[in-house]
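*Asks:* Okay, handing you the structure first.
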Amino acid sequence: MTTFNIKYTRQFIGLLGFIMLVFFQACSNESAQVVEEQKSELPDGQVEVTSEQFKLSEMHLVHPEKRDFPASISTTGVIDVPPSDKSVVFASTGGYIKTSNLMEGDFVRKGQVVASIDNPELVAMQQEYLELTQDLNYLGSELERQKLMYEEKIAAKKNYLKAQSEYNTTKARHAGLKKQLSLFNVSPTQASRGNFSSTVNIYAPTSGYITKVHITKGSYVAPSTEIMEIVNSDNLQLELTVYEKDVLQIKKDQRILFKIPEMDATYFEAKVHLIGQAIDENRTVRVYGKIDDNRDATFLPGMFIEADIVTEEKSVISLPETAVAEMENTYFVLKLNDKDAEAYTFEQLEVEVGDTKNGFTEIKTKIDTTAQFLDKGAYELIQ
């Protein structure tokens, strides 16, 4: 008895589902027919949307606006510093790194010790300098004595000339060694007093941030080895790559609008500062821009940028770019023709567009600036 009830219950449910499917399909066909009838009632090139749809889709209307649309040349580049603000620190002598406590990103001031090198050979150099200092004192006295004896015709001239030669030779060696010690940042005065040191301090040649470090404590460096790089970021500039065909349009002091794509869409301003006078192998020219005062922005050397060099200022009629719909390389806008409590009626207009800047598109076709246009949803309605 139970099996019989289950069997007929399933048959009843299946029959009920079939009836509902037929019913909904009929309703759907009827709705589609109503939509088609509504569409057929509108003239060609017009679109209608109900007030409820307008509200639910958060659509709104806008007037065309006159905006400044600068004619510009689009390019890319990096943020960099002038060569005068970039310093490479070299090892003044060979030896082992004794101290090196700085890392990339540390700020150093001009004259600050950035590393020290231990080189025992410097002790021998200082010892020689001390000996030459003492010899020079003796040879100076001997030269005066020989000169006096020669003038009084007590000694031969050759003795005077020999003393003069020995003094000048020692003086030259003394001066050369003094210069060498100064280059190694070793005090010649301390060496002449017998205060020898095997440690050479390396000083920062300029103030700035350390961008590269090539040494570790205890490592050996040869003379003239690059130790680190220091960059003064107070004078950051733009280094742009401009194609040969565009460079004749660029003049000094033209505005540059640039952004850092990896950060956000915020645009910053700069001015053309310098235009390269040579074309490289890629048929491009370097153009340098001086960044305006942007205290709230943090720029770092090496950041990639996208930039527009403004070559001409112009004022044009524009609409939000969301109000312009593109269909197969043809552009359309929806102009409000009529509005009542139930619906909005729009006229579809084909337009010619220009540049798009900061979310607005230039409309080259003459349009009624007092009319209202659909801002959001134009593409969906036209499609």
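The values are calculated or read from the model by the stated rules, or taken from the named source; none is laboratory data. Here the structure is a predicted model, which is why all the values come from computation and not from measurement. All Cβ positions, even for glycine, are placed from backbone atoms using ideal geometry, and neighbour counts span all protein chains on display. SASA here: full protein model, heavy atoms, side chains in, ligands and nucleic acids out. Shrake-Rupley method; radii C 1.70, N 1.55, O 1.52, S 1.80 Å.
*Asks:* Before anything else, pin down the relative contact order of the chain: Cα pairs under 8 Å, at least 6 apart, normalised by residue count, whole percent.
*Replies:* Details: 692 pairs, mean separation 99.3, N = 383.
Relative contact order, the chain: 26 percent.
*Asks:* Here's a follow-up. Can you tally the net charge around E269? Count Lys and Arg as +1, Asp and Glu as -1, for every other residue whose Cβ sits under 11 Å from the Cβ of E269.
*Replies:* +1
*Asks:* Per residue, how much accessible surface does the chain expose to a 1.4 Å probe? Answer in Å², no decimals.
*Replies:* On a per-residue basis, 64 Å².
*Asks:* What nm distance separates the two modelled labels at N282 and D368, each placed 7 Å from Cα along Cα→Cβ?
*Replies:* About 5.1 nm, to one decimal.
*Asks:* Something else: Run the reach check for K98 against lysines, Cα to Cα strictly under 17 Å, same-chain hits fewer than 8 apart removed. What comes back?
*Replies:* K217
*Asks:* Which entry in (1) 45, 20, 19; (2) 87, 32, 14; (3) 35, 24, 18 is this structure's computed semi-axes √(5λ) of the Cα gyration tensor in Å?
*Replies:* Matching entry in (1) 45, 20, 19; (2) 87, 32, 14; (3) 35, 24, 18: (2).
*Asks:* Using a 1.4 Å probe on the protein heavy atoms, what percent of the accessible area of the chain belongs to carbon and sulfur? All intermediate terms of the calculation are to be shown ahead of the outcome.
*Replies:* On the way: 12180 of 24350 Å².
Heavy-atom surface of the chain belonging to carbon and sulfur, 1.4 Å probe: 50 percent.
*Asks:* Let me ask another. Select from the stretch 206-304 those trypsin sites (Lys or Arg not before Pro) which occupy a DSSP coil region and have at most 12 other Cβ atoms within 10 Å, ordered by residue number. Intermediate values should be presented prior to the final figure.
*Replies:* Numbers: sites: K212, K217, K245, K251, K252, R255, K259, K271, R283, R286, K290, R295; in loops: K217, K245, K251, K252, R283, R295.
Those satisfying the criteria are K217, K245, K251, K252, R283, R295.
*Asks:* Can I ask one more? May I ask which residue of Q112, Y167, I202 lies farthest towards the positive end of the charge dipole of the stretch 56-209, with charges of +1 (Lys, Arg) and -1 (Asp, Glu) on Cβ and the Cα centre as origin?
*Replies:* Selected residue: Y167.
*Asks:* In the structure displayed, which of K55/K314; K245/K290; K245/K314; K86/K245; K290/K366 lie more than 29 Å apart, Cα to Cα?
*Replies:* K55/K314; K86/K245; K290/K366
*Asks:* While we're looking at this one, here's another question. Please work out the FRET efficiency for the pair E244 and L274, using the Cβ-Cβ distance as r and a Förster radius of 22 Å; give the result to the nearest 0.05. Please list the in-between numbers first.
*Replies:* Working: r = 17 Å, r/R0 = 0.78.
Rounded to the nearest 0.05, the efficiency is 0.80.
*Asks:* Put +1 on the Cβ of each Lys and Arg and -1 on the Cβ of each Asp and Glu in the chain; which of A71, M149, P82 then has its Cα farthest toward the positive end of the dipole?
*Replies:* The residue sitting farthest along the positive end of the dipole is M149.
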